[in-house]
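Step one of this worksheet: look at the structure below.
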Amino acid sequence: PRIEIDLDKISYNASLLKKWYGKKGIEVTGVIKGVAGSVPVAKALYLSGINNLADSKIANIRKMKEAHIPATYILLRSPALSEVVDTVSYADISMNTELEIIRALDQEAKRQRKVHSIIIMVEMGDLREGILPKDLPAFLHAVLNLKGVRVVGIGTNFACYGGIIPTPKKMQEFSELVKSMVDKF
């Protein structure tokens, strides 16, 4: 088997998504892990107005960054302790669930004279990863005191590992949690 990639179709579809969601104030992120960080696909997305590119492998992000695609790069998972240096070097944003890793990112970002952006992942029933909602206030309090990292979002997973569907009730529950954290901090 083989996969044929039509860059014109990718560009067209990306432009449409950018236009449609842009009208609603929603920013689109191109997830390119399914094409192993393909530089031509990443360029097509970026040139179509998709400014955020995401992958689950640092090696793929490094490849795109070294190809001089000036996107914002997101690591779609929490980095391992052994990946902290490369995460700060190549990813602009990473998703995180562990205080030990975030503290290591903080130290490395200060060493590199950067501020690394993070998204804190919350467990909402999918059983994949994340901070329990009841633990989120204390977790955020600890993270917000760090100078080398900046919290840019709170995220969650639905319909991934545990198959929890993002019902309106679940989405409302998550939205209320995020709003309460924004109000508190």
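The values are calculated or read from the model by the stated rules, or taken from the named source; none is laboratory data. Computed from a predicted structure; not experimentally measured. Counting neighbours? That spans all protein chains shown, and the Cβs are built from the backbone with ideal geometry, glycine included. Surface accessibility is based on the protein's heavy atoms, side chains included, excluding ligands, DNA and RNA. Shrake-Rupley method; radii C 1.70, N 1.55, O 1.52, S 1.80 Å.
Identify, from the list 99, 76, the residue that is in contact with an Asp or Glu (Cβ under 8 Å, 6 or more places away or on another chain) and under 25 Å from residue 140 (Cβ atoms). Just a single option satisfies the conditions, and that option is 76.
Scanning segment 147-175 for residues that are within 17 Å of residue 130 (Cα to Cα) and either at pLDDT 85 or above or of a type in the set (S, T, N, Q) (or both) turns up 151, 152, 153, 154, 155, 156, 157, 170, 171, 173, 174, 175. When segment 70-101 is filtered for residues that are open to solvent by less than 20 Å² (accessible area, probe 1.4 Å) and touching a strand residue (DSSP E or B) at 6+ places or on another chain (Cβ under 7 Å), the ones remaining, listed by number, are 71, 73, 74, 75, 79, 87, 88, 91, 94, 96.
Filtered by the rule that a residue be in contact with a strand residue (DSSP E or B) (Cβ under 8 Å, 6 or more places away or on another chain) and aliphatic (A, V, I, L, M), segment 42-69 gives 42, 45, 50, 53, 54, 58, 61, 64, 69.
Being within 17 Å of the chain's Cα centre (by Cα) and either under 23 Å from residue 28 (Cα atoms) or not hydroxyl-bearing (Ser, Thr, Tyr) (or both) is the requirement here; does residue 76 meet it? Steps first, please.
Values: within 17 Å of the chain's Cα centre (by Cα): yes; either under 23 Å from residue 28 (Cα atoms) or not hydroxyl-bearing (Ser, Thr, Tyr) (or both): yes.
It is true that residue 76 is within 17 Å of the chain's Cα centre (by Cα) and either under 23 Å from residue 28 (Cα atoms) or not hydroxyl-bearing (Ser, Thr, Tyr) (or both).
Taken together, the residues in segment 31-62 that are open to solvent by 10 Å² or more (accessible area, probe 1.4 Å), within 23 Å of residue 80 (Cα to Cα) and not hydroxyl-bearing (Ser, Thr, Tyr) amount to 11.
Considering every residue within segment 104-119, establish whether at least one is over 13 Å from the mean Cα position of the chain (by Cα), open to solvent by less than 50 Å² (accessible area, probe 1.4 Å) and hydroxyl-bearing (Ser, Thr, Tyr). Explain how you work it out, then say what you get.
Looking only at segment 104-119, we keep the residues that are over 13 Å from the mean Cα position of the chain (by Cα), and these are 104-115.
Now drop any that are not open to solvent by less than 50 Å² (accessible area, probe 1.4 Å), which leaves 104-106, 108-109, 112.
When the remaining residues are screened for being hydroxyl-bearing (Ser, Thr, Tyr), the result is none.
Scanning segment 104-119, I find no residue that is over 13 Å from the mean Cα position of the chain (by Cα), open to solvent by less than 50 Å² (accessible area, probe 1.4 Å) and hydroxyl-bearing (Ser, Thr, Tyr), so the answer is no.
Taking every residue in segment 13-28 that is hydroxyl-bearing (Ser, Thr, Tyr) and pairing it with any residue that is assigned to a loop (DSSP other than H, G, I, E, B), at least 6 positions away or on another chain, the pairs with Cβ-Cβ distances below 8 Å are 15/48; 15/49; 21/27; 21/28.
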